[in-house]
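*Asks:* Structure incoming, see below.
A short reminder: the numbers here are calculations on the coordinates, not readings from a lab. Remember, predicted model here, so these are calculated numbers, not experimental data. Here Cβ is always computed from backbone atoms with ideal geometry, including for glycine, and neighbour counts include all displayed protein chains.
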Amino acid sequence: MTAHEGNATGTTRVTTQDGVTLRVRSAGDPGRPAVLIVSACGMPAALCDEWLGLLGRDHHALTWETRGLFGGPHGTGEDAGTFDRMGHGAADQAGDLLAVLDHHRIPRAHLMGLCGGAVLALRVAAEHADRVASMSLWHGDFELGTDAPKTSHQRNLRALMDIAAESRQSAAMVHAAVPRNTTAELPPDLAGLVLHPFRDAETFYRYSLLNGALMAEDVRDALPAVKAPTLVVTSEDDQTAHPAGSHAVATGLARSRMHVAPHGDHLSVFRAGDGLTAVALEFLAEADEQRVRRSI
């Protein structure tokens with residue numbers, strides 16, 4: 001991964017209104033404008049360290065880990081009974097985003113939604129416009145009904161999630177059938193982090209409930225309500241999240257701009273290469289400048 005020098009990251013714990021513990025990772029000066037990275041469901045916060053280091057130079061950069069998958073002792077999820085009693089839906093996970101902002105006394109932030117995290121960013125921007133200064137959506141995994149096609153990866157993963165979310169027994173059967181050579185297809189420095197949701201059958205069951213809810217969340221009704229300036233990023237050849245979804249979202253937003261790279265997917269976003277970071281920093285600089293102008 002690219003090395004970006006920034007303020008050292010720190011980890012805190014946040015308790016939501018429904019009593020769920022979230023691990024939050026942050027970098028930078030809390031007095032600076034905030035950027036909240038809304039990462040892909042089930043991904044360890046360490047996967048965003050490159051972005052935190054970069055953004056922490058001039059912003060207060062934060063991210064958090066998905067409820068029920070990391071909040072227990074030693075970085076594992078809570079016990080099964082506690083998990084079963086907590087909410088698993090998109091609204092519950094959007095509430096976690098607001099809980100992170102509230103805990104850190106952040107009135108407004110730039111939301112940086114990655115993959116499935118883009119769904120949560122959209123929901124919060126639509127329903128809590130006063131909390132979102134600006135937004136960027138990176139290779140979003142969007143449910144748009146018949147308005148946009150899906151990749152085979154999206155269709156297949158959704159089918160697996162639906163089956164595995166039925167019960168722990170179903171999840172164990174699906175988990176046992178997942179090819180064990182998957183790591184060979186991933187960059188060695190990312191594999192251990194990206195495959196966290198597949199570490200065991202219980203984690204996979206929880207991931208299926210949580211991520212399945214995001215994959216099923218139709219965001220079309222949210223688009224007209226979003227007022228924040230939004231950068232939508234995709235590539236011409238993303239085989240994970242179909243680029244057409246990002247194009248449809250950008251079309252439906254009142255204040256959007258598109259950036260389409262020749263190549264890339266959500267893994268390339270986590271790598272925080274120079275090309276993507278330049279795009280992000282340019283958009284943030286413009287958003288910060290507009291915010292200063294409005295305050296004068």
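*Asks:* Where Rh is the Kirkwood radius over the Cα pairs of the chain, the temperature 25 °C and the viscosity 0.890 mPa s, what D in µm²/s does Stokes-Einstein return?
*Replies:* Working: Rh = 19.1 Å.
Estimated via Stokes-Einstein, D reaches 128 µm²/s.
*Asks:* Moving on to the next point. Got the relative contact order for the chain handy, in percent, Cα pairs under 8 Å and 6 or more residues apart?
*Replies:* On the way: 582 pairs, mean separation 56.6, N = 296.
The normalised contact order for the chain reaches 19 percent.
*Asks:* Over region 147-296, what is the relative contact order in percent, taking alpha-carbon pairs closer than 8 angstrom and at least six residues apart? Display every interim value, and only then the final one.
*Replies:* On the way: 148 pairs, mean separation 35.5, N = 150.
So the answer I get is 24 percent.
*Asks:* Next question, about the same structure. Quick one: compute a quarter of the convex hull surface over the Cα atoms of region 108-202 and quote it in nm². Before the final figure, lay out each step's value.
*Replies:* Numbers: hull surface 32.5 nm².
That works out to 8.1 nm².
*Asks:* What spacing in nm lies between the two simple spin-label points modelled at ASP221 and GLU286, each 7 Å away from Cα in the Cβ direction?
*Replies:* For the pair ASP221/GLU286, the computed spacing is 3.1 nm.
*Asks:* Between HIS153 and ASP102, what length comes free when the chain is fully extended (0.36 nm per residue of separation minus the Cα-Cα distance, one decimal in nm)?
*Replies:* Working: separation 51, 0.36 × 51 = 18.36 nm, distance 3.54 nm.
Between HIS153 and ASP102, full extension yields an extra 14.8 nm.
*Asks:* Another question, then. Highest first, please rank the peptides 164-172, 58-66 by the mean number of other Cβ atoms sitting within 10 Å of their residues.
*Replies:* Numbers: 164-172: 17.3, 58-66: 25.7.
Sorting 164-172, 58-66 by mean packing, highest first, produces 58-66, 164-172.
*Asks:* A further question follows. Using a Förster radius of 45 Å, what is the FRET efficiency between ASP130 and ALA177 based on their Cβ-Cβ separation? Nearest 0.05, please. Intermediate results must be reported in sequence, preceding the final value.
*Replies:* Numbers: r = 46 Å, r/R0 = 1.02.
The formula returns an efficiency of 0.45 here.
*Asks:* For an R0 of 25 angstrom, estimate the FRET efficiency from the Cβ-Cβ distance between LEU193 and THR11 and round to the nearest 0.05. Intermediate results must be reported in sequence, preceding the final value.
*Replies:* Numbers: r = 15 Å, r/R0 = 0.61.
Computed FRET efficiency for LEU193 and THR11 comes out at 0.95.
*Asks:* Given the options ALA285, ALA241, ALA133, state which has the largest fluctuation in a GNM of the chain using a 10 Å cut-off (strictly under) for Cα springs.
*Replies:* ALA285
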